[in-house]
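Data first, discussion second: the structure below is written as structure tokens.
The values are calculated or read from the model by the stated rules, or taken from the named source; none is laboratory data. On a predicted model such as this, the values are computed, not experimentally measured, just so you know. Cβ placement follows ideal geometry from the backbone for every residue including glycine, while neighbour counts extend to all protein chains displayed. These area figures cover heavy atoms from the full protein model, side chains too; ligands, DNA and RNA do not enter into them. Shrake-Rupley method; radii C 1.70, N 1.55, O 1.52, S 1.80 Å.
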Amino acid sequence: MKGALDRLERVLRDRLKGEVRRDVPAARLTTLGVGGRVGLLVEAASEDDLLAFSVAVRESEVPWFPLGAGSNLLVSDEGFSGVLLRLGSGLRSLEVRGEEVQTGAAVKMPVLAEVTAEKGLSGLEFATGIPGTVGGAVAMNAGAHGQDMGKVLEEVRVFLVPQGQSVTLRQEELALGYRSSGLPAGSVVTSARFRLSPCRPEEALGRIEAYRAWRREHQPISSPNCGSVFINPEGVAAGELLDRLGVKGMAVGGARVSEVHANFIVVSPGATATDVYRLIRALMRLAEERAGVKLEPEVRLLGNFPEVEE
């Protein structure tokens, strides 16, 4: 793998305008701040860079993974010997045209919420509490406060890395579900178009402030975390279920279930990705044994994790 990664690095440095970095600590790339090192971090500055990346990575057969803001990603302590692909400055445009909003996929969701509210548009206020990018939010149909991306999304532009081409997909073609989408395998969202509703700016900004206040009271925003750990199972919120099981404060090494919200895991200095993983597995086991519910992680796992004794 090292030889293939060396060759890929040389090719990417030669062909891309965006940044290419070797041996990057995952702790710098994720909101959890844990994990090993990443073989290559590639920042695509434009769709031209994505095309060059597509050709190079297909020739090398080195594994790759898309990276947004790193807010729902856990990289193992062994690290990831492949490539993390992140979108750069050329994919951070944001344009408001009447009730339509066109935005690059690298735009952060809280920024999108703030800008559209200031322009007197309603529909994306919920995004102020989603610590990710537009691309990641589309891919998982992110939502909060009873809203989600599918309710306001019209279409997306997607780059298909295996095919080396871009396509535009309407909302109805994305098969959006609860925290899921039907995006093609190996695809990277590059832009999205939303249709919002007109309102007075102070009304939308007021809702944003109310959502922020709710987060400050109900989520551990002052401690490193990866957002909601588990997808809500049918009929109950994951946090409510875990709270009933009495897991708040439960810890494995430097990872701990938040005392503020049971569906959040927070980490202390010295915590490892293995600590977080073992705690996730322990919570899944407890939920199944005591409540008969199979919890599904919302956080994405990247790399090799150790076997966990039941």
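Some observations on this one:
- Rg ratio (alpha-carbon, reference 2.2 N^0.38 Å) - region 120-227: 1.17
- Region 37-51 and region 190-255: distance between their alpha carbon centers, rounded to Å: 30 Å
- Solvent-accessible surface (1.4 Å probe) assigned to T128 amounts to roughly 10 Å².
- A 1.4 Å probe run over the protein chains yields, for the chain, 45 Å² of accessible area per residue, whole-number rounding.
- Within the accessible area of the chain (1.4 Å probe), percent carbon and sulfur: 46 percent
- Mean separation of Cα contacts under 8 Å, 6 or more apart, over the residue count of region 1-159: relative contact order %: 18 percent
- Counting DSSP beta bridges with both ends in the chain, the antiparallel % (nearest 5): 75 percent
- With a simple spin-label model that places each label point 7 Å from the Cα along the Cα-to-Cβ direction, the separation between A185 and E240 comes to 3.7 nm.
- Taking every C-alpha pair closer than 8 Å and separated by at least 6 residues, the mean separation divided by the residue count of the chain gives a relative contact order of 17 percent.
- Computed on protein heavy atoms with a 1.4 Å probe, the accessible areas place R170, R13 in the order R13, R170, largest first.
- A 1.4 Å probe over all protein chains sorts R157, R193, R97 by accessible area into R97, R157, R193, starting with the largest.
- A probe of 1.4 angstrom, applied to the heavy atoms of all protein chains, finds V156 with accessible area near 0 square angstrom.
- Volume in Å³ per residue [convex hull over Cα atoms, computed for region 86-144]: 74 Å³
- Largest to smallest accessible area among H218, H261 [probe 1.4 Å]: H218, H261
- Karplus-derived HN-Hα couplings along region 8-14 (A = 6.51, B = -1.76, C = 1.60, θ = phi - 60°), whole Hz, x at Gly and Pro: 5, 4, 4, 5, 5, 4, 6
- Cα shape, the chain, gyration tensor, a/c 1.5 rule: oblate
- For region 123-252: relative contact order, % (alpha-carbon pairs under 8 angstrom, 6 or more apart): 24 percent
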